[in-house]
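Before any comments, here is the structure.
The values are calculated or read from the model by the stated rules, or taken from the named source; none is laboratory data. Because the structure is predicted, anything quoted here is derived from the model rather than measured. No Cβ is skipped: glycine too gets one built from the backbone with ideal geometry, and neighbour counts run over all protein chains shown.
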Amino acid sequence: MPFNAGNIERMRKKVPEPPVIFLVSLVLTAGLHFVVPIAKVIHSPIRYAGVILIAVGIWLNLWTDRLFKKRTTTVKPFEEPASLIHDGPFRFSRNPMYLGMVTIFVGIAIVLGSVGAFIVPIVFFVTMHFVFITHEEKAMQATFGADFAAYKQRVRRWL
C-alpha cells in the first residue's frame, strides 16, 4: 500500500491502535494459558526470570514515551511525526516501544510457562512488524528523507 493521505485515513479507520491490540493480546494470552492449557515447557525457578523481562519491557516503554513527549512528537502510528528521535533507546532499536511490548509478552509467556502463552507474542510481533512498522517507516522516510535513511543504516529495526 503506497504511502499517501488516503491510505493513511483508511488504515486509521480499520486498524486499532497498538495499545488496544496490546490489551486484547494480554487477554488472549491469559485465555490461551488458562482456557486451552497446552503443555508446560518452562518450570520454576526459570519461570520467574520472566518477571525481569516484564520489568524491562515496561521500563523501555516508559522511557520511550517520555522521549516522545519531550520531543513533542506523536506516538500514534497514523499521525505525522514532528521529529526524528535517535537518542535513548532509539540508539539500538528503531522501534523501542514495540520492542518493549514484545518483551513484556515474552516475559509473561515465560512466567506462565505454557506453549499457548508463546503464541500471542509471535502474532503480536508479526502484526506490529507488518501492519505498523512498515507504514511508520514509510511516513518517517517521507517526512525526514536522508536523515531517516542515514538513521536506518545505523540502527536496526528491532535490535
Pick from region 14-29, criterion aliphatic (A, V, I, L, M) and without any contact (Cβ under 8 Å) to a residue 24 or more places away in the chain, ranking: surrounded by the most Cβ atoms within 10 Å (Cβ to Cβ)
24
Within region 69-104, take every residue that is among the hydroxyl-bearing types (Ser, Thr, Tyr) and within 18 Å of residue 142 (Cβ to Cβ) and give me the one that is farthest from the chain's Cα centre (by Cα).
83
Taking first residues from region 36-57 that are over 12 Å from residue 108 (Cβ atoms) and second residues anywhere that are assigned to a loop (DSSP other than H, G, I, E, B), the pairs with Cβ under 6 Å that are 6 or more apart or on different chains are 38/115; 39/115; 40/113; 41/115
Region 9-29, residues that are in contact with a helix residue (DSSP H, G or I) (Cβ under 8 Å, 6 or more places away or on another chain) and at pLDDT below 90:
11, 15
Note on region 42-52: residues part of a loop (DSSP other than H, G, I, E, B) and loosely packed, with under 13 Cβ neighbours inside 10 Å are 43, 44, 45
Restricted to region 53-73, and to residues that are in a loop (DSSP other than H, G, I, E, B) and out of contact with any Pro (no Cβ under 6 Å at 6 or more places or on another chain), which residue is surrounded by the most Cβ atoms within 10 Å (Cβ to Cβ)?
71
For residue 109, state whether it is over 13 Å from residue 57 (Cβ atoms) and among the small types (Gly, Ala, Ser).
no
Search region 123-151 for residues that are over 18 Å from residue 97 (Cβ atoms) and polar (S, T, N, Q) and pair each with any residue that is assigned to a helix (DSSP H, G or I) and modelled with pLDDT of 95 or more when their beta-carbon atoms are under 6 Å apart and the residues are at least 6 apart or on different chains.
141/148
Pull out all pairs, ordered by first then second residue, where Cβ-Cβ is under 8 Å, the residues are six or more apart or on different chains, the first lies in region 96-121 and is under 24 Å from residue 67 (Cβ atoms), and the second is outside any helix (DSSP H, G or I) and among the hydroxyl-bearing types (Ser, Thr, Tyr).
99/93
